[in-house]
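This report concerns only the one structure given below.
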Amino acid sequence: MIRVWRVSGQELTSMAQEQVRDVGTLKGCLSRLHGFPPRLQQLLHDGRILEDAEALTAPVDVQLLLKPILHGEAVLDDELFDAIRHGHVDTVRVLLTADVHNKLGGLYPFSEQSRLALVEAVDIDSDAHHVEIVRALLEAAADANLRDRRGKAALTSASQRGHLEIVQLLLQNGAAKDMRDSFGSTALILASSYGHLEVVRLLLQAQANLELDNNHGENPLLRACTYGHLEVARALLEAGADKGYCNRDGDTPLGAAAFENWVWTVRIGKE
């Protein structure tokens, strides 16, 4: 059995000897399992650095070190994005640290793709790892207001997906609360459309605009009523949303709710 340990003394992984013929193969396995780029891995046994070509012929314990990227050494976009997609927080932090140092040195500014890493991190089903990745990106001075080619920004994407903690992080780090996507939708419109009540409340607390509409003339209350999100509609009305809103097509919140037969939403509109 081959066991790999972190510097902290925590066991990272173990695998059968038959799976790993040499150090280079082990690095490849660690890259697939944990996202550590092979070029950043340094494996030690009894304090000695192991070369990639060395055979692992006996049960052995090895220690993994992640080498810092040298000043001026490029960070590959694929490495960063793979680490983000797979939730490898440690690797993201190593790569970001290198990118920030290189940027400060004026050698390798963030590539266009790397600049959009925050949008990529948010546009994934959220878990604790991805929350920490978003935090790491923001700590590395990622721009919370950049949009990708589809017009997506981190805040609109997080609000659509209902990622409450990420929405909070973005707002705390200067995300424009009323930024629109390519369809004209704001974070509040999207959160209202998908019934994410706690996100809606957070955006309202941040004083997101209640009356902005999207390219189809739909504002947050109209969207909430259209999709029957009772508590969202109530929260919007309590915050001062205009229940008499009427867009250029003559659509109103009450009319939308009645058309969709959302009885409880209609009752709210009559309060």
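The values are calculated or read from the model by the stated rules, or taken from the named source; none is laboratory data. Note that the structure is a prediction, hence the values are computed from the model and not measured. Every residue, glycine among them, receives a Cβ derived from its backbone with ideal geometry; neighbour counts consider all protein chains shown.
So here's what we get for this one:
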quantity	calculated
Those residues of the stretch 193-221 which are farther than 16 Å from Ser157 by Cα and hydrophobic (A, V, I, L, M, F, W, C), in sequence order	Leu204, Ala206, Leu210, Leu212, Leu221
Residue selected from the stretch 245-270 under the condition in contact with a Leu (Cβ under 9 Å, 6 or more places away or on another chain), part of a loop (DSSP other than H, G, I, E, B) and under 24 Å from Ala187 (Cβ atoms), by the criterion modelled with the lowest pLDDT	Trp262
Residue tally, condition on the phi > 0 side of the Ramachandran plot and in contact (Cβ under 8 Å) with a residue 40 or more places away in the chain, over the stretch 14-51	1
Given (1) within 19 Å of Leu204 (Cβ to Cβ); (2) in contact with a Ser or Thr (Cβ under 9 Å, 6 or more places away or on another chain), index of the condition Asp123 fails	(1)
Scope the stretch 152-192; condition assigned by the TED database to the domain that holds Leu203 and of a type in the set (Val, Ile, Thr); matching residues	Thr186, Ile189
Cβ-Cβ under 7 Å pairs, at least 6 apart or on other chains, the stretch 224-250 side free of Cβ contacts under 8 Å to residues at least 40 places away in the same chain, far side of a type in the set (Phe, Trp, Tyr)	Gly228/Trp262; Leu230/Trp264
The stretch 163-177, residues that are assigned to a loop (DSSP other than H, G, I, E, B) and farther than 12 Å from Ala187 by Cα	Asn173, Gly174
Residues being at pLDDT below 95 and surrounded by 21 or more Cβ atoms within 10 Å (Cβ to Cβ) - total across the stretch 167-194	1
Residues (small (Gly, Ala, Ser) and in a loop (DSSP other than H, G, I, E, B)) located in the stretch 53-68	Ala53, Ala58
